[in-house]
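Take a look at the structure below.
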Amino acid sequence: MHFLIQANVYLDPDHYKIFDALEELNIDYDVINIPPAAEKIEFKTDRKDVFVYGSVTIARLAKQNTGWFPGSFYGGNHLYEVYSKYYGENLLNHHVSVHRISEQLNWKKGEVKFIKPYSEAKIFTGKVFSENEWKDFVFEALESQNNRINKHSLIQVSEAKRTIKEARLWIVGGQIIDAGYYKFNDSVPFEEKVSEDGLSFANKMIRLFNLEEAFVMDICLTEEGWRIVEINCINSSGFYPNTNVKSVIKALNIYFSN
């Protein structure tokens, strides 16, 4: 398989690891710069076995190249409206409402909400906002010329919930290839490997709905048990310092070369 890698991914300090992995595995690849306002991928190849990796922009634009396989998994089953029908109450934020970013939200006194992009992933980072923080963010986002946010951009709003620890899982062909914690809250002791009950929960969710041939699932432990934080497109999911990038790339190459 041929990997097409975006060079200019500034938000991921561990992005370079993919080049080390490709070199070690002796896998063919090309590097390409994608301007933020690009409307198509300016890259010519006769190969059809192409997999893209980088930002949401390259993942989104690669869908235009219908002859590439696997190309990009952007969109489709990654939408909340699709996977929520299967995962239901297993989602950390199961009860959500969708709004345009320019809409006025209803706030209770002292309330905080978890707000993230809805259909256009990563136009901003989802997190917990107070009313004033959200209003300030919206004002600045709509005034800025350096993002893809406009008044029609859709957001997903839900109740803010406490998590104990959170982990990222890389899934290829229905199998968990790599799993690692990226967040521990409060005084939770550090664990090097994701606990067996967390992996068991994730495998149960994969059997319930194997969302794509390759995707990323973030899970968390709550006081009510394990839950899915969110589903991410594998073509644009960032690496953490503990991600075994080589294992992920090797699995992708083997699975989609057969």
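The values are calculated or read from the model by the stated rules, or taken from the named source; none is laboratory data. These numbers come from a predicted model, not from an experiment. No Cβ is skipped: glycine too gets one built from the backbone with ideal geometry, and neighbour counts run over all protein chains shown. Heads up: the accessible areas ignore ligands, DNA and RNA and are worked out on the full protein's heavy atoms, side chains in. Shrake-Rupley method; radii C 1.70, N 1.55, O 1.52, S 1.80 Å.
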For this session: Find how much the distance from PHE69 to GLU42 grows on full extension, using 0.36 nm per residue of separation minus their present alpha carbon separation; answer in nm with one decimal.
Result: 8.0 nm
Exercise. What span do the alpha-carbon atoms of region 168-257 cover on each of the three principal axes, reported in whole Å from largest to smallest?
Worked result: 44, 29, 21
For this session: Please give the calculated 222 nm ellipticity per residue for the chain, where each DSSP H segment of at least 4 residues contributes -39500 (n - 2.57) and the sum is spread over every residue; nearest 500 deg cm²/dmol?
Result: -7000 deg cm²/dmol
Exercise. Considering only DSSP states other than H, G, I, E and B, which GluC sites (Glu not before Pro) in region 20-98 qualify as loop sites with at most 10 other Cβ atoms within 10 Å?
Worked result: GLU39
Problem set entry | Solvent-accessible area per residue, Å², over the chain with all protein chains present [probe radius 1.4 Å] | 53
Problem set entry | Spatially proximal lysines relative to LYS44 (Cα-Cα < 22 Å; intrachain offsets below 8 disregarded) | LYS63
Exercise. What FRET efficiency do you get for LYS246 and ILE176 if R0 is 22 Å and r is their Cβ-Cβ distance, rounded to the nearest 0.05?
Worked result: 0.90
Seminar exercise, completed: Rh (Kirkwood, all Cα-Cα pairs) for region 16-78, Å, reads 12.7
For this session: Please give the length that would be gained between ASP197 and GLU103 if that part of the chain were fully extended, namely 0.36 nm times their separation in residues minus their C-alpha to C-alpha distance (nm, one decimal).
Result: 29.8 nm
Problem set entry | Amide H contacts of THR163 (H built 1.01 Å from N, under 5 Å, at least 5 apart or other chain) | none
For this session: Whenever you get a sec, compute what percent of the accessible area on the chain sits on carbon and sulfur atoms (1.4 Å probe).
Result: 48
Exercise. Between their Cα atoms, which of LYS161/LYS250; LYS17/LYS122; LYS135/LYS165; LYS85/LYS116; LYS151/LYS183 are more than 24 Å away from each other?
Worked result: LYS161/LYS250; LYS135/LYS165; LYS151/LYS183
